[in-house]
1. Could you go through the stretch 123-132 and let me know if any residue there is touching a Leu at 6+ places or on another chain (Cβ under 8 Å), modelled with pLDDT of 95 or more, away from ligand 2 (no atom under 14 Å from the Cβ) and not polar (S, T, N, Q).
2. Which of the residues belonging to the stretch 23-56 are polar (S, T, N, Q) and surrounded by 13 or more Cβ atoms within 10 Å (Cβ to Cβ)?
3. If I go through the stretch 75-128 residue by residue, how many of them are away from ligand 1 (no atom under 16 Å from the Cβ), of a type in the set (D, E, K, R) and outside any helix (DSSP H, G or I)?
4. Output the helices (runs of 4 or more DSSP H) that fall wholly within the stretch 239-323 and possess 3 or more residues being over 27 Å from E228 (Cβ atoms), or say none.
5. Mind checking which residues of the stretch 211-247 are over 24 Å from D177 (Cβ atoms) and in contact (Cβ under 8 Å) with a residue 60 or more places away in the chain?
6. For the stretch 243-252, does any single residue satisfy the condition of being in contact with a Lys or Arg (Cβ under 6 Å, 6 or more places away or on another chain) and surrounded by 14 or more Cβ atoms within 10 Å (Cβ to Cβ)?
7. Out of the residues in the stretch 224-279 that are away from ligand 2 (no atom under 16 Å from the Cβ) and among the aromatic types (F, W, Y), which is farthest from the chain's Cα centre (by Cα)?
8. Could you please find all residues in the stretch 89-125 being crowded, with 19+ Cβ neighbours inside 10 Å and β-branched (V, I, T)?
Amino acid sequence: MHYPEYRPRRLRANAKLRAMVAETTLARDHLIQPLFVRPGSGERRPVDSMPGIFQFSVDTLVDEVKEVADAGVPGIILFGIPSKKDAVGSEAYAQDGIVQQAVRAIKAADTDILVVTDVCLCEFTDHGHCGVVKGQAVDNDETLPLLAKEALSHVEAGADMVAPSDMMDGRVGAIRDVLDLEGHESVPILSYAAKYASAYYGPFRDAAESPPQFGDRKSYQMHHTNVEEALREVEMDIAEGADIVMVKPALAYMDVISRVKDEFGYPVAAYNVSGEYAMIKAAAERGWLEERETVLETMVGFRRAGADIILTYWAKQIARWLD
Ligand code: PBG
Ligand code: ZN
């Protein structure tokens, strides 16, 4: 292709032409809104490091979910802040745990939004790790039954999909087995398949009050140097029964999103994490970036890389922008 026969600028001349030849689309259908729920009532506590994001109590959460649904966002993912924490994260799988209460309340309200629950122990353990701690280490195989129990309790409360984020080996299979055994073979699993140990989770740990009290998560979450390993993780999770595979974080891992999509052709989710949100928010607050344009460009980037689904704190806002 040579100038002057081929002039790429011809198809950029106006908005209609540009839209007609757009290779990538961004629609509300792709979005999932993360939400935080805590005990109490009438609560709407701002998260300092995530402007515009709040911890809701169950009652105010239901109102927020209605707003998110009205904006046209098809799904939410719930994170719970429990009333008390212990060594084995008991509230994570308690019948009346905070997430279970929230799911029931949302399901009782009149909305058909898809309720996804994050399945992990770190928000519920006093040590802040994603599993059972033995000495200084997280014990993989002792953690699996607790995660399966947690997932089952979410589904029994009415969750439409469960999303294990702990990165224990074998947890997708353990959850799939228990769900099937209990008659929930139709409930899908959205696996955090390639989840990296990331500095970009900083603001989330404020929001979910879940920082590890000693050490870090590097013995279970992936190291940021690796992509072949991510493909093995994804392959395992699919073999164990994952229906959707997630890459997390998203922005620094666009190559991983792309490889996972190309090699497996499975539905892929990208988690636009708290630190990615905070960066753009902070710059926009200072007038250094234009928020809407920057966010939409970023989202289209995830879609171009191969993400079918995007979990983002901007979901409600984006849905309104796209209106
Ligand atoms: C819990 C969990 C985390 C996130 C989602 N689920 C934190 C972590 O693993 O430390 C991060 C989400 C975000 O940063 O937006 N395991
Ligand atoms: Zn965790």
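The values are calculated or read from the model by the stated rules, or taken from the named source; none is laboratory data. The shown structure was predicted, so the numbers you read here are calculated from the model rather than taken from an experiment. Using ideal geometry, Cβ is built from the backbone for each residue, glycine included, and neighbour counts are taken over all protein chains shown.
1. No: zero hits.
2. Just the residues of the stretch 23-56 that are polar (S, T, N, Q), to begin with: 24-25, 33, 41, 49, 55.
Within the stretch 23-56, Q33, S49, Q55 qualify.
3. Residues flagged as away from ligand 1 (no atom under 16 Å from the Cβ), of a type in the set (D, E, K, R) and outside any helix (DSSP H, G or I) within the stretch 75-128 amount to 5.
4. Of the helices (runs of 4 or more DSSP H) lying wholly inside the stretch 239-323, those with at least 3 residues that are over 27 Å from E228 (Cβ atoms) span 274-285, 291-305, 315-322.
5. P211, P212, Q213, F214, G215, R217, S219, V247
6. Within the stretch 243-252, one or more residues are in contact with a Lys or Arg (Cβ under 6 Å, 6 or more places away or on another chain) and surrounded by 14 or more Cβ atoms within 10 Å (Cβ to Cβ).
7. Checked the stretch 224-279; the qualifying residue farthest from the chain's Cα centre (by Cα) is F264.
8. Residues satisfying the conditions are I98, V99, V103, I106, I113, V115, V116, T117, V119, T125.
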